[in-house]
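Peer 1: Next up is a structure, given as C-alpha cells.
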Amino acid sequence: FIFEICTIFANFRFKIIFTMLIDFSVTNYRSIKDKQTFSMQPIKRIDELPEHIIQNGKHSALSSAIIYGRNASGKSNLLKAMNALAEIISESSENKVDEVIKQFKPYKLSKNSEEEPIQFEINFIAHDNIHYYYQITFSQNEILQEVLLYYPNGRESNLFIRNVNRAIIFGKNVKGRNIEESLYNNQSFLSKIGSNKLDSLIPAYHFLSSILFKNQSNYFIEGLVNYLTNKKNNIGSINPNLISLLKIADTNIVNLIEEEREDKDLVGNKIMRTKLFSEHNIYDNDKVSGSIFFDFGEESEGTQRLVSIGSQILNILNVGGIIIIDEFHESLHPLLTKTLINLFHNPKTNPNGAQLIFATHDVSLLDNELFRRDQIWFSEKGNDGASTYYSLADLKGIRAGVPLEKYYLKGAFGATPIINEHDLVFNFGEKNEQK
C-alpha cells in the first residue's frame, strides 16, 4: 500500500525548497496565558526514526508533530495561534485606520490578561535557506512591537525593529522608509511586502503568509472546489495525483470532474458556479460496462474529507511548506490517516521538506513505528484554565519502545480527561425517581 502511494508522485516536478518551522511561541492568546513554546527541532538524545528528520545542510527539523489532549485543553488554540500569525502577515496590510486587529483574542480568565498584549514569536528557515526570527506584539488597536532578525552567516543581524510611536530601525540591507510613511498602527510592517517590493524581506513574508491551516470542523464543498480549480495553488485543474490517491484509498471513484453549471444566487439572479462531480464505474456481471457521475455532495463525509485534506497535502508535498490540520482523524479510517502521515516521513514522497502539524484524539496513532518521542505533544489545562504544552521527550523515564497508547490511556503522560463514573448521577424525571 505504501509502495503504491509512493508511485503517484512520479508526476511531480520537484523543486528544492527546504523551508522549516523551528519553533513557535505564543503569550496571552485564547486559553494560553503564559508564554508557551512549541518546537519542531529534533532532540539529539532521541535516536529512533532518523528518517523523520528533515536535513538541509546545517539546518534540521522534524517532518511532523502530533498533539493530544482532553477536550478544551487548548490543542486547537495552539494551531489557531499559528494561523492568526499567518493572517496578520497576509491580511493586516488591508486594515483601515482605527480598525481593530481581529486576531486580538487574549486570555480572559485573569483580571489583568484581557488588557495585556498578545505576542507571537517564531524561528524558521525561509526558502533562501536562512534562519529568521520574527516577533510581533499587539493590542486590540495597534502593533506595539515588531522585530525581524536573520542569521545569514550564523550571526544575528537586524532587518527591522519597530516600536510603537518610534521610528522603525532598519538594517543596512533594508530601505523601507517609504513603506513606513504609509503604515497604520494596526498594520504589520511585514504585511506591506505583499504590495511593496522589498527583496530582503520577501523570503520571510512568503514563509509566514503561506502557513496553511485547515480546520476540519469548517468544511464546505464550494471552498474545496475553489481550492481544486484555483490556479494559484499550481493545480489549474483536478490534480491527477489526487485521483490516484482516491483509487488507492478504495473509494471506488475513478475520476473527478468540475463543470460550470447555471445556478441562482440568494436573490434569484442567474449565475455560473463550478460544480464537482465524481465518476464511478457501472458493472454488468462483474465487468465494467460504463460509468455514472454523482454530485460530489452525495459522497460520504469521509470521502469528502479525504479529497479536502488529500488535495492540500499533495500540494504542500509538491512545493514544500507547513500544513496545520485540526482534528485530522475526523471521518478517516486510521490506516488511511497513517498513510497520509507517512507521506511526510518518507523522503521519496516528501523531497521538499514539507511539515505536518495536527491535533487529534485518535490514540491508535500513538505508535512507536509512526512517531518519535519528540514528535508527540500534549496540551494540558491547569486549575486556572490556562493551557500548557509539552512533548513526550520532556517527560523523564519514558524509554523508546514503551506501549504509547496503553500508557497514555492510563494517564502516564497526563493530558487525559479525569472521569469519575460514580459521579454520573442524572435526573431523568419523576418516573425514574419513583423507581
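Peer 1: Suppose we keep only residues that are without any contact (Cβ under 8 Å) to a residue 40 or more places away in the chain and more than 21 Å from the chain's Cα centre (by Cα) within the stretch 97-112. Which one would you say is farthest from Asn186 (Cα to Cα)? Talk me through it step by step, then tell me what you get.
Peer 2: Here is the first cut: in the stretch 97-112, the ones without any contact (Cβ under 8 Å) to a residue 40 or more places away in the chain are 102-104, 108, 111-112.
Keeping just the survivors that are more than 21 Å from the chain's Cα centre (by Cα) gives 108, 111-112.
Details: Lys108: 22, Lys111: 24, Asn112: 22 Å.
For the stretch 97-112, the residue satisfying everything is Lys111.
Peer 1: Restricting the stretch 372-384 to residues that are under 20 Å from Ala61 (Cβ atoms) and among the basic types (Lys, Arg), which is most open to solvent (accessible area, probe 1.4 Å)?
Peer 2: This residue is Arg373.
Peer 1: From the residues in the stretch 47-96 that are closer than 23 Å to Phe189 by Cα and more than 19 Å from the chain's Cα centre (by Cα), which one is surrounded by the fewest Cβ atoms within 10 Å (Cβ to Cβ)?
Peer 2: Among residues in the stretch 47-96 that are closer than 23 Å to Phe189 by Cα and more than 19 Å from the chain's Cα centre (by Cα), the one surrounded by the fewest Cβ atoms within 10 Å (Cβ to Cβ) is Lys96.
Peer 1: Filter the stretch 180-224 for residues that are open to solvent by 10 Å² or more (accessible area, probe 1.4 Å), at pLDDT below 90 and either of a type in the set (Val, Ile, Thr) or touching a Lys or Arg at 6+ places or on another chain (Cβ under 9 Å) (or both) and give the result.
Peer 2: Phe213, Asn215, Tyr219, Ile221, Glu222
Peer 1: Restricting to the stretch 237-268, and then to whatever is touching an Asp or Glu at 6+ places or on another chain (Cβ under 9 Å) and touching a residue at least 40 places away in the same chain (Cβ under 8 Å), can you tell me which residue is surrounded by the fewest Cβ atoms within 10 Å (Cβ to Cβ)?
Peer 2: Ranking the qualifying residues of the stretch 237-268, first place goes to Ile248.
Peer 1: Still on this model: Among the residues of the stretch 353-371, write down those that are buried (at least 20 other Cβ atoms within 10 Å of the Cβ) and either hydrophobic (A, V, I, L, M, F, W, C) or within 19 Å of Lys214 (Cβ to Cβ) (or both). Give the steps one after another, and end with the answer.
Peer 2: Taking the stretch 353-371 and keeping what is buried (at least 20 other Cβ atoms within 10 Å of the Cβ), we get 353-360, 365-366, 370-371.
Once the filter is applied, which keeps residues that are buried (at least 20 other Cβ atoms within 10 Å of the Cβ) and either hydrophobic (A, V, I, L, M, F, W, C) or within 19 Å of Lys214 (Cβ to Cβ) (or both), the stretch 353-371 yields Ala354, Gln355, Leu356, Ile357, Phe358, Ala359, Thr360, Leu365, Leu366, Leu370, Phe371.
Peer 1: Enumerate the pairs (first residue in the stretch 193-205 and free of Cβ contacts under 8 Å to residues at least 12 places away in the same chain; second residue anywhere and open to solvent by less than 30 Å² (accessible area, probe 1.4 Å) and hydrophobic (A, V, I, L, M, F, W, C)) with beta-carbon separation below 8 Å, excluding pairs fewer than 6 apart on the same chain, so at least 6 apart or on different chains.
Peer 2: Pairs found: Ile202/Ile193.
Peer 1: So, one more: Which one of these is in contact (Cβ under 8 Å) with a residue 60 or more places away in the chain and closer than 17 Å to Met20 by Cβ: Leu317, Leu306? Don't jump to the end; show me each part of the working.
Peer 2: Details: Leu306 fails: closer than 17 Å to Met20 by Cβ.
Among Leu317, Leu306, only Leu317 is in contact (Cβ under 8 Å) with a residue 60 or more places away in the chain and closer than 17 Å to Met20 by Cβ.
Peer 1: Return the only residue of Arg166, Arg177, Arg162, Arg155 being open to solvent by less than 40 Å² (accessible area, probe 1.4 Å), without any contact (Cβ under 8 Å) to a residue 60 or more places away in the chain and of a type in the set (Lys, Arg).
Peer 2: Details: Arg166 fails: open to solvent by less than 40 Å² (accessible area, probe 1.4 Å); Arg177 fails: open to solvent by less than 40 Å² (accessible area, probe 1.4 Å); Arg155 fails: open to solvent by less than 40 Å² (accessible area, probe 1.4 Å).
Being open to solvent by less than 40 Å² (accessible area, probe 1.4 Å), without any contact (Cβ under 8 Å) to a residue 60 or more places away in the chain and of a type in the set (Lys, Arg) holds for just one of Arg166, Arg177, Arg162, Arg155, which is Arg162.
Peer 1: Quick one: Leu392 ticks every box in (1) more than 29 Å from Lys35 (Cα to Cα); (2) modelled with pLDDT of 95 or more; (3) of a type in the set (A, V, I, L, M, F, W, C) bar one, so which box is it?
Peer 2: Condition (1) is where Leu392 drops out.
Peer 1: Let me ask you something else. Out of (1) at pLDDT 95 or above; (2) assigned to a strand (DSSP E or B), what's the single condition that is false for Ile325?
Peer 2: The number of the failed condition is (1).
Peer 1: Taking the stretch 302-347 as the region of interest, how many residues are open to solvent by 20 Å² or more (accessible area, probe 1.4 Å) and either closer than 20 Å to Phe371 by Cα or among the aromatic types (Phe, Trp, Tyr) (or both)?
Peer 2: Count: 11.
Peer 1: Collect the residues in the stretch 230-264 that are under 15 Å from Ile309 (Cα atoms), in contact with a strand residue (DSSP E or B) (Cβ under 7 Å, 6 or more places away or on another chain) and either at pLDDT below 75 or polar (S, T, N, Q) (or both), keeping them in residue-number order.
Peer 2: Of everything in the stretch 230-264, just one residue is under 15 Å from Ile309 (Cα atoms), in contact with a strand residue (DSSP E or B) (Cβ under 7 Å, 6 or more places away or on another chain) and either at pLDDT below 75 or polar (S, T, N, Q) (or both), namely Ile238.
Peer 1: Further question on the same structure: Give just the number: which of (1) part of a strand (DSSP E or B); (2) open to solvent by 10 Å² or more (accessible area, probe 1.4 Å) does Leu148 not satisfy?
Peer 2: Answer for Leu148: the failing condition is (2).
Peer 1: Would you call Ser311 in a helix (DSSP H, G or I), at pLDDT below 90 and among the hydroxyl-bearing types (Ser, Thr, Tyr)?
Peer 2: On the way: in a helix (DSSP H, G or I): yes; at pLDDT below 90: yes; among the hydroxyl-bearing types (Ser, Thr, Tyr): yes.
For Ser311, the condition - in a helix (DSSP H, G or I), at pLDDT below 90 and among the hydroxyl-bearing types (Ser, Thr, Tyr) - is met.
Peer 1: Taking the stated definitions as given, is Asn352 touching a residue at least 12 places away in the same chain (Cβ under 8 Å) and in a loop (DSSP other than H, G, I, E, B)?
Peer 2: On the way: touching a residue at least 12 places away in the same chain (Cβ under 8 Å): yes; in a loop (DSSP other than H, G, I, E, B): yes.
Yes.
Peer 1: Further question on the same structure: Counting only residues that are at pLDDT below 90 and on the phi > 0 side of the Ramachandran plot, which one in the stretch 402-434 is surrounded by the fewest Cβ atoms within 10 Å (Cβ to Cβ)? Please lay out each step first, then the result.
Peer 2: Taking the stretch 402-434 and keeping what is at pLDDT below 90, we get 415-434.
Among the residues that remain, those that are also on the phi > 0 side of the Ramachandran plot are: 415, 429.
Working: Ala415: 21, Gly429: 7.
Once the filter is applied, the top-ranked residue is Gly429.
The values are calculated or read from the model by the stated rules, or taken from the named source; none is laboratory data. Every value quoted in this text rests on a predicted model; they were computed, and no experiment measured them. When we count neighbours, we look across all protein chains shown, and the Cβ atoms used for this are built from the backbone with ideal geometry, even at glycine. Ligands, DNA and RNA are stripped out before the accessible areas are found, and what is left, the full protein with its side chains, is counted by its heavy atoms. Shrake-Rupley method; radii C 1.70, N 1.55, O 1.52, S 1.80 Å.
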